[in-house]
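Reviewing the structure listed below.
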Amino acid sequence: MIRSFLSSAVCLVALTALAGCAVATSVPSPAASTAHGAMANLAHTPIPIPKGVVATGEFVDAAGAELGTMAISRTSVGYSVKLPDLALGDPSGIIMAMVDSPFDFRRCGDDNVWELGFPLAQIEQLHGDISPMADSFGDPSFFTDVIFVKQIPDVNHVGCTQPILARATLTWTSPDTHPWITVADRGPASGAQGEAVRANGVPFTYRTAKGDTWKAIAARFGLSGEDLSYLNPIRHPGGPDAPGTPALAYADQVLNLDPANRGNSESRRPGVV
């Protein structure tokens, strides 16, 4: 069964009023940091991504053979993908997906891809232009790879039922849309009682607590709500989990605070929290 990372949610609730699957834990109140983050952040406007090619990648198969170069372009309505002529056999049952976390190319797709990536299109042709992704993610440069997975519907099939046929690791040329973001922890506050994990003194993840709100979490780290959504694009308003709704999250979930680690922080930093 195809499943995205977000389909594993057991207790999906609006972060505008996090109701708990988890019981809030008591977090010691450290002294507030003297570096509150740039409060001018709140007035910044994201830098627009210009139309044209914003990413390229070379497709290879499991044996390492090169299959051709692909390109992702920004359009007036979202993003389109230009594919090379891919020799992957019968296109029936082939899914193209974007992946935002490290994965093992040689393992079966149902083991390690669908929990990390977002299926975009059932492929009818393995070449030419397709438009798989609307402008849901804002800045999609957190995606690391484009992959093709073959679904084998035969219930009697022995072995992998979703082999990964090809991957292209992406090189992005689009601008940094939020270059001003700096993060500093002011300490627990009303609506932001969770615990931050730091690296070299800088917060890079935050575990939500019962009663947390999106706005309060952002303010605790000197960010706007839009900045926090940018840092956590799979929970971005209008994302694939609930188009057009406010940012969503689980109680007791890990949010990313590191601009270099956008995407799925829980799978990108296993075992840290």
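The values are calculated or read from the model by the stated rules, or taken from the named source; none is laboratory data. Quick caveat, the model's predicted, so the values are computed rather than measured. In this analysis, Cβ positions are derived from the backbone assuming ideal geometry, glycine residues included, and neighbour counts consider all displayed protein chains. Keep in mind that these areas ignore ligands, DNA and RNA; they rest on the heavy atoms of the full protein, side chains included. Shrake-Rupley method; radii C 1.70, N 1.55, O 1.52, S 1.80 Å.
Based on the mean of other Cβ atoms within 10 Å per residue, sort peptides 155-165, 252-262 so the most packed one is first.
Those peptides, ordered most packed to least, come out 252-262, 155-165.
Quick check: at a probe of 1.4 Å, how many percent of the accessible area of segment 51-103 sits on carbon and sulfur atoms? Show your work: numbers first, answer last.
Numbers: 1200 of 2190 Å².
With neighbouring chains kept in place, the figure for segment 51-103 is 55 percent.
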Rounded, prolate or oblate for segment 142-209? Axes are the square roots of the Cα gyration tensor eigenvalues, ordered a ≥ b ≥ c, and the cut-off for rounded is a/c under 1.5.
oblate
Could you calculate the contour length gain from residue 173 to residue 69, that is, 0.36 nm times the residue separation minus the distance between their Cα atoms, to one decimal place in nm?
35.9 nm
With all protein chains present, how much of the accessible area of segment 143-184 (probe radius 1.4 Å) comes from carbon and sulfur, to the nearest whole percent?
59 percent
The answer for residue 94, listing residues at least 5 apart or on another chain whose modeled amide H is closer than 5 Å to its amide H, is 123, 151
